[in-house]
Amino acid sequence: MPEPKILIAAPALHDFMIRLMVAAGMSEPNARAAADVHIDAELRGVGIQGFDYLPYTLASLERGLIDGKAEPRLTRRTQATALIDGGGGPGQAAAIKGADLAIEIAGTAGTATVAIRNSTDIFMLAFYAERIAKAGKVGIVVTSGPPLVHPPGGMEKLLSTNPLAFAFPRAGAEPFVFDMATSALASSRVRQAAYDGTPLPEGSGIGPDGLPTTEAALVRKGAISPLAGHKGFGLALCVGLLCGPLTDSGIGPELAGWQGASGETKTQGHLLMAIDPASFSDAETFAERTGWYLDLIKTSRKAPGSDAIRIPGERAAAERVECQQTGVEILAATWRNVKPFAAKLGVATPRAFQEN
């Protein structure tokens, strides 16, 4: 039976998240940066990257894995690159700084690559890629994390879900944004499926015995599978190398401690890129042609039985508009996980949660 949901206004949830993180020891600017990313995920209908992650963040603050007061700082800069040290603080603050710096550098150099080291999770990559695209640049963002995925033919957790995101400006519309994990499923989807025992799609992962399973609880004990076999595996390897060794950060088992497992707990690395279309052609023409091509695909002939051709990110954009008016839905299981932290930290809860 699906988990019941609680409807809450986005501003109230945003404020609640800030107050929780501040009470747990995070600075107000850092808490606001983190909450901005999480509430945008909720508005897009991607709650797996939103409020559902608060227990993880609050527990990491409690364990001393995140320095809530740290301020990301620029440590190196060339004409077209920059390196940011996250100070072991919340990754969202470092990634927002990185996206804004990439926009600035690309505006003069034509292209920019910003690496972030000594950081923690930045969560929904679409947030940063879209931020770059809204400034008229093409945005590319990649990140790594704790080992959750097995290699083809293996059964050990050696890769992260290693997501990547692209965003392109287009004329007369919001940017085209594509955000995906290189694993068969995002780890948070497996986590939420385990709340109520929802079966996973075939090929999602393996149990601790190395055999394929659709039981989320067993996949959490085993490993998630790579997307499309060796193709996803190859992508995951590339993303991991860009975010680990290239940024002098942890990779694979070196990040296992973030999941509460035994082993090392090195900090994470991220890479953000911005490309100014004006460096290669007319920027307005590029935005117009991007929109034209997406429209061409969307209005092309549909296959029998298909009611629409959907462009990646289209549903999330529509969801964001609607949820700003109607509110966002939170799983009751998510609230049960957050409730003990709110009580322990003495943080008053919004009315929607008080009634459940």
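Descriptive notes on the structure:
- Extension reserve of the A173-T108 stretch, reckoned as 0.36 nm per residue once the Cα distance is removed: 20.9 nm
- Within segment 39-71: backbone nitrogen closer than 16 Å to the A318 label point (7 Å, Cα to C-beta): 44-46
- Note on exposure: E42, E28 ranked by accessible area (1.4 Å probe, complete protein assembly) read E28, E42, with the most exposed listed first.
- The K5 and A228 beta-carbon pair, evaluated with R₀ = 35 Å, returns a calculated FRET efficiency of approximately 0.65.
- Atom-type composition of the exposed protein surface of segment 204-312 places 60 percent of the accessible area on carbon and sulfur (1.4 angstrom probe).
- Alpha-carbon centroids, segment 146-181 and segment 280-324: separation in whole Å: 20
- Computed with every protein chain present, the accessible area of S300 is close to 50 Å² [probe 1.4 Å].
- Accessible surface of W335, taken over heavy atoms with a 1.4 Å probe and every protein chain present, rounds to 20 Å².
- Net charge dipole size for the chain [Lys, Arg +1 and Asp, Glu -1 on Cβ; Debye, nearest 20]: 180
- Note that the chain presents 46 Å² accessible area per residue, ligands and nucleic acids not counted, probe 1.4 Å.
- Take the Cβ atoms of L74 and L246, set R0 to 22 Å, and the FRET efficiency comes out at 0.80.
- Between segment 19-81 and segment 116-136, the alpha-carbon centres lie 12 Å apart.
The values are calculated or read from the model by the stated rules, or taken from the named source; none is laboratory data. What you are looking at is a predicted structure, and each value in this text was computed from that prediction instead of being measured. Quick reminder, even Gly has a Cβ in these numbers, built from the backbone with ideal geometry, and neighbours come from all protein chains shown. Only protein heavy atoms, including side chains, enter the accessible area calculation; ligands, DNA and RNA are left aside. Shrake-Rupley method; radii C 1.70, N 1.55, O 1.52, S 1.80 Å.
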